[in-house]
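The values are calculated or read from the model by the stated rules, or taken from the named source; none is laboratory data. If you're wondering where the values come from, they're calculated on a predicted model, not measured in any experiment. So basically every Cβ, Gly included, is an ideal-geometry build from the backbone, and we count neighbours across all protein chains shown. The area values use the complete protein model at the heavy-atom level, side chains included, leaving out ligands, DNA and RNA. Shrake-Rupley method; radii C 1.70, N 1.55, O 1.52, S 1.80 Å.
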Amino acid sequence: QVQLVESGGGLVQAGGSLRLSCAASGNIFKINDMGWYRQAPGKQRDVVAVITSSGSTNVADSVKGRFTISRDDAKNTVYLQMNSLKPEDTAVYYCNANIVHYTGRYYYSYDYWGQGTQVTVSS
């Protein structure tokens, strides 16, 4: 029904920048919160940043001041601008979106995940 397609990951040196994108497509009535999560090897998946439909943002303390989340509702896309990258930012980054569907009779929402994109920061 819905696909989230991520792009922009890669290998970068410490201090460098990357911009992740995640585009949602399919049967979408509305998108509520959108966010980015990351999972390093052997660790749990943690939230990095979330943006609401009204544009309010919440960023993890570990990336505050370095990462910025934004969204373009016309394109159903969420972005993560990552600056001053550190080796500890190395992880698979996943986007998440809470998407509202309308069946013609009722509304319901569901959480979707992207496939993940690898970000590797070398020292």
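Structure data summary
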| read-out | value |
| --- | --- |
| Rg followed by Dmax, in Å, when region 51-121 is reduced to its Cα trace | 14.8, 49 |
| Among 23, 97, 74: highest mean-square fluctuation, GNM of the chain, C-alpha pairs under 10 Å | 74 |
| Quarter of the Cα convex hull surface for the chain, i.e. its orientation-mean projected area (nm²) | 7.5 nm² |
| Charge context of residue 90, other residues only, Cβ under 15 angstrom, K/R +1, D/E -1 | +2 |
| Highest-MSF residue in the chain out of 61, 73, 33 [GNM, Cα springs under 10 Å] | 61 |
| Chain lengthening between residue 86 and residue 102 when straightened (0.36 nm per residue, less Cα-Cα) | 1.6 nm |
| Accessible surface, the chain, averaged per residue in Å² (probe 1.4 Å) | 54 Å² |
| Candidates 85, 11, 20, ranked by Gaussian network fluctuation over the chain, Cα under 10 Å, top entry | 11 |
